[in-house]
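Every number here is computed from the coordinates shown, using simple stated rules; none is lab data. Nothing here was measured: the structure is a model prediction, and the numbers come from that model. FYI the Cβ positions are ideal-geometry reconstructions off the backbone, even for glycines, and counts take in every protein chain you see.
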Amino acid sequence: MADTFDVVIIGGGPAGQAAALALALAGHGLAIAVIDEPPRPGGQILRQPPAPFAVSNWLPGRSYDGLKAQLARFEALEGISWLGGHSAIGLVREADGLVVQASGQDGLRRLVARRVLVAAGCQDLAVPLPGWTLPGVYAAGGIQAFIKSQQIVPGERVLLAGTHPLMLLIGAQIVAAGGTLAGVLFAQPRQTMIANALRHATAAAAHAGNLAAAASAMKVLAGAGVAVRFDTALTAAIGNSQVEGARTAAGDIACNAIGLCYGFVPQSTLPRMAGARVQTAGPAGGWATVADGWGQSSVPGLFVAGETTGVAGAPAAMAAGEMAGIGIAHSLGLIDASEAQHRAGPARRRHARLLGFARMLDAVADPTGYLPAPTPDTLACRCEDVDFATIDQAIATGGSANAVKLATRCGMGACQGRNCEPTLLRRMATAGRTDDTGFTQRFPARPVAIGDLAD
């Protein structure tokens, strides 16, 4: 049995919220469902605490004000079916429309919709290095999620390492939450970051507020006595049963938690599963779903918005979500082309400006040439315990990413390749194989109970 909707939105972050608000403005009593894995809307950027809890002074700062205002408007919407605590595990086109399979505590749900919007956001780039499977090694975004939702700092002494300036903001949030930082390490030289920023000087000047936020974070870190080092690469996590330190180009640093921050990749599994056209994403890798100016993908009725089309930040995702919502309303015949263009104009102009800043940030944070070097016994695929020696041996046979997957089980684990696919494709590119299209995306996109599939 299926639940039928006019529109199903996958993702309750900035893009999904903006699309729902734009559709609600179009009126006409649309049946809209919004699916997301957290029980409450907000996405990673506005990670809300569990409903019974409250966090005092939750996400302070001007950079969050517009996002929180939109969240409040979204939560006040009437007539939206909020399906929090559900994972979208399948997306296909069938005769009666686009079909989304969703998994939650109540089992599987089959949602049929005239239009589907995938606004699934992005994830931290997984970066294998010696010792990265030790307890205490996190993606920096994972550390930030703990802090945002419940002001928990996962570690008594945290080291942040990578290439992305977001480390400065996360470091300031750790200090504000009462945590202790062992340092912030940028693998690239400061002069390289400045030079890359200056190549996009117009975008930098247009978004001086973002640069001011980074400067403010630096001031917080300096006030807490935290060393921010440049041209200092992390080479390994040290420890026996858990992280006890970090090996760096400047020597060993004592810490019991490490946050890795080398960039972000789009969540592209569902559009690829549905057969949508994708292209290589930013310098961190991954796949960005190709769409027109309204978010319409190459699959009829399937729209995409936000980081799914390329990582550009929450404000850009908001603008893209609004445009997609208007585009969906037009495609359903709720507004004509002239009205759609009129409504989308402000969002389209904001989006264009914000993409300029995103390109600058991509250049500044580019991890190319700065990723840690794995050893042959370093695991490339944590889910299936596949090391680099095994991966390299399979690549040498000349097969595709799918062939390597079949030969080694790399990509067959719980993450279904979301973490290891960029690693494998980088390794293949190093071997001269730059044209591989990656893993074929298959159902289910997330782990699901066998009993649910049998029902």
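See the values below:
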| read-out | value |
| --- | --- |
| The chain - charge dipole about Cα centre, Lys and Arg +1 at Cβ, Asp and Glu -1, debye rounded to 20 | 900 debye |
| Leading residue at positive end of dipole, the chain (Cβ point charges), from Gln441, Leu361, Asn419 | Leu361 |
| Gain upon complete extension [Ala389, Glu339; 0.36 nm per residue less C-alpha separation] | 12.2 nm |
| Label point distance in nm, Arg353-Ala373, each placed 7 Å from Cα along Cα→Cβ | 4.5 nm |
| Segment 126-262: relative contact order as a whole-number percent, Cα under 8 Å and 6+ apart | 38 percent |
| Contact order relative to length of the chain, as percent, for alpha carbon pairs under 8 angstrom and 6 or more apart | 18 percent |
| For semi-axes √(5λ) of the Cα gyration tensor in Å, calculated from these coordinates, the label among [x] 69, 24, 24; [y] 39, 27, 23; [z] 34, 27, 21 | [z] |
| Between segment 151-177 and segment 47-69, the alpha-carbon center distance in angstrom | 18 Å |
| Among 384-396, 118-130, 49-61, 441-453, the order from most to least packed when residues are scored by Cβ within 10 Å on average | 118-130, 384-396, 441-453, 49-61 |
| Helix-only CD estimate at 222 nm, as mean residue ellipticity for the chain, using -39500 (n - 2.57) per DSSP H run (n ≥ 4) | -11000 deg cm²/dmol |
| Ordering of 88-101, 293-306 by burial proxy (mean other Cβ atoms within 10 Å per residue, highest first) | 293-306, 88-101 |
| Signed unit charges on C-beta, dipole axis of segment 126-262, positive-most listed residue Ile258, Ala212, Ala233 | Ala212 |
| Gain on full stretching of the segment that runs from Arg426 to Ala396 - 0.36 nm per residue minus C-alpha separation | 9.4 nm |
| Segment 1-86: trypsin sites (Lys or Arg not before Pro) in DSSP loop, at most 16 other beta carbons within 10 Å | none |
| Check: segment 307-455 dipole with +1 on Lys, Arg Cβ and -1 on Asp, Glu Cβ, in debye | 420 debye |
| For the chain, cysteines whose Cβ has no other cysteine Cβ within reach (under 4.7 Å) | Cys122, Cys255, Cys261, Cys383, Cys415 |
| Additional length obtainable on full extension of the chain from Val290 to Asp65, 0.36 nm per residue less Cα span | 78.0 nm |
| Inter-label distance, nm, simple model (7 Å from Cα along the C-beta direction), Ala454/Gln150 | 3.3 nm |
| Test item: Cα-centred dipole of segment 126-262, Lys/Arg +1 and Asp/Glu -1 on Cβ, debye | 280 debye |
| Taking segment 379-441 and dividing mean pair separation by its residue count, relative contact order in percent (alpha carbons under 8 Å, at least six apart) | 35 percent |
| Segment 205-294: trypsin sites (Lys or Arg not before Pro) falling in loop per DSSP and having at most 15 other Cβ within 10 Å | Arg277 |
| Simple spin-label estimate for Asp435 and Lys219 in nanometres, 7 Å along Cα-Cβ | 5.3 nm |
| Between segment 13-43 and segment 268-290, the Cα center-to-center distance that results, in Å | 22 Å |
| Whole-angstrom gap from segment 86-149 to segment 348-369, using each part's C-alpha centre | 24 Å |
